[in-house]
Amino acid sequence: MSLLVLFLETLLAPLAGFGVVVSFLLSPKRGRLAGLSEELPERLGSIRDTALERLHGRELWWLHAASAGEVAGLAPLIAAISRKNGPAVVLTTTTRSGRDAARALPEVAWAQLAPLDAWPCVSRFLTRLRPTRLIVSETELWPSTLILAKRAGLSPVLINARLTEKSLRRYRLISAFLAPGLRALSAIAAQSTEDAARFVSLGVPRERVTVTGNSKYDGQSAPSASAVALAMVAALGWEGAPLFVAGSTHPFEEEMLLAAFLSARGAAPRLRLVLAPRHLERAADAADLLAHAGLKLARWSRAPESGCEALLLDEMGVLPSFYALARAAFVGGTLVKVGGHNLLEPASAGVPVLFGPHTGHIEHPAELLAAHGGGRRVADAAELAERLAEFAKDEKAASAAGEAARTVAAGLRGACARTLKVLGA
């Protein structure tokens, strides 16, 4: 069956690649094809000679993550490997943004795009790099890569492993095709007991699955308010006002957030909004939305004016400082079907966290926050407005919920040590 999977993926890879290119050409994301010729050698399994010279004579571990979010999840583990004077880390990613994030990590010896999951591409990459281990992250279950890595003696391991119920149903439909890749895994380090059980239900031997948590949380330090954030609050005249900080928001979600804010402000007139869209290229759209609602808007990148009711964060790296100043926070990708973003960033700051029903990517921390009173799951804009108004009016209740959130965040740390144990490092 392994050989059949290798042959099928090799035959289908060109068709899949052509389909991806066509879909981008027909979408607003067509601009991303501009760098296709530059990235094609990496997709085909090539590695620059300069990289091989840099890596020559060192033991190499190949780590793989999908995108920037998964790279952030691996960062604490890579740092831990480095502190142990372990092997050099070569990190591949599926996306360019992930590659850029990987190259920004000082402990990564080399980062590039991953080879296509086809026999010639993966084999070429393995032959050129000659790693001794393959470690893949979260849900990167590429059958050919895993099969060929096992054949090369790399003992592939899946870490920070997660599997939602929706993904489980989909994988069951292709279980015969996926089975050889799963059998190639020497171990799975799952994020939660629920994730572990789902992998076992797909046929992974129970003794190969360990619950370790998510190494991302080991790197989640408590955000603090920067001097420039405090200066902005002072310039806006917001000292003492309850701040509602909504981070990593998406289209259509922002309309619901705005409706909830306007409703809650009826009960708490001093409430102010800080909005940080997930993708900065959408900042102008978010600004138009707020302006059309009649709100006087300030933007982080411009000189503030007094009398503003909302602040748009339109630069990277600013959001954590405002989480630390929030009365309550909302984390995006949860009122729309995205699956959610990092709940523990505001939780680590001691802020109560509000989130919607779509938490497939962050289910474990979402459940813990809701169960321990550090977060509130809301169904829609109306329920979000109710919970927000409660915290805006009652600072003591918000403080108590924030401390519960901080406790949950602290309890989720320690995954790096458990994962290193699974890896035998």
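Listed by number, the DSSP H helices of the chain that run 27 Å or longer by alpha-carbon position along their axis and have mean Kyte hydropathy of at least 1.0 are 2-25.
Using only alpha carbon pairs under 8 Å that are at least six residues apart, calculate the relative contact order of the range 227-411 and give it in whole percent.
Relative contact order of the range 227-411: 23 percent.
Computed per residue of the chain from DSSP H runs no shorter than four, each worth -39500 (n - 2.57), the mean residue ellipticity at 222 nm is -14500 deg cm²/dmol.
Arranged from fewest to most other beta-carbon atoms within 10 Å of their beta carbon, F261, F177 become F177, F261.
Given an 8 Å cut-off on Cα distances and at least 6 residues of separation, report the relative contact order of the range 335-375 as a percent.
Numbers: 42 pairs, mean separation 18.7, N = 41.
RCO, the range 335-375: 46 percent.
Taking the number of Cβ atoms within 10 Å of each Cβ as an exposure proxy, the fewest-first ranking of S175, S137, S155, S321 is S175, S155, S321, S137.
Taking Cα pairs under 8 Å and at least six residues apart, what relative contact order does the chain come out at, in percent? Before the final figure, lay out the partial values.
On the way: 822 pairs, mean separation 55.7, N = 425.
Relative contact order, the chain: 13 percent.
Would you kindly calculate the translational diffusion coefficient of the range 265-361, applying Stokes-Einstein with the Kirkwood radius from alpha carbon pairs, for 4 °C and a viscosity of 1.567 mPa s, and quote it in µm² s⁻¹ without decimals? Before the final figure, lay out the partial values.
Numbers: Rh = 14.3 Å.
Value of D from the Cα-based Kirkwood radius: 90 µm²/s.
Among H279, H250, H361, the largest mean-square fluctuation in a Gaussian network model of the chain, built with springs joining Cα atoms closer than 10 Å, belongs to H279. Using the Cα centre as the reference, give the magnitude of the dipole from point charges on the C-beta atoms of the chain (Lys, Arg: +1; Asp, Glu: -1; all else neutral), rounded to the nearest 20 debye. So the dipole magnitude of the chain works out to roughly 1220 debye. Among T92, T164, T50, sorting on how many other beta-carbon atoms sit within 10 Å of each Cβ, with the fewest leading, yields T50, T164, T92. When the Gaussian network model of the chain links Cα atoms closer than 10 Å, the mean-square fluctuations of V122, V318, V204 top out at V318.
I need the Kirkwood Rh of the chain: take the reciprocal of the average 1/r across all distinct C-alpha pairs and report it in angstrom. About 22.9 Å, per the Kirkwood formula over Cα pairs. Taking G402, G213, G339 in turn, the Gaussian network model of the chain (Cα-Cα springs below 10 Å) assigns the largest fluctuation to G339.
For the range 84-112 versus the range 404-425, the inter-centroid distance based on Cα atoms is 21 Å.
Every number in this text was worked out from the coordinates using simple rules, so none of it is lab data. Bear in mind that the values here come from a model prediction, so they are computed numbers and not experimental data. Methodologically, a virtual Cβ is constructed for each residue, glycine included, from the backbone with ideal geometry; neighbour enumeration extends over all protein chains shown.
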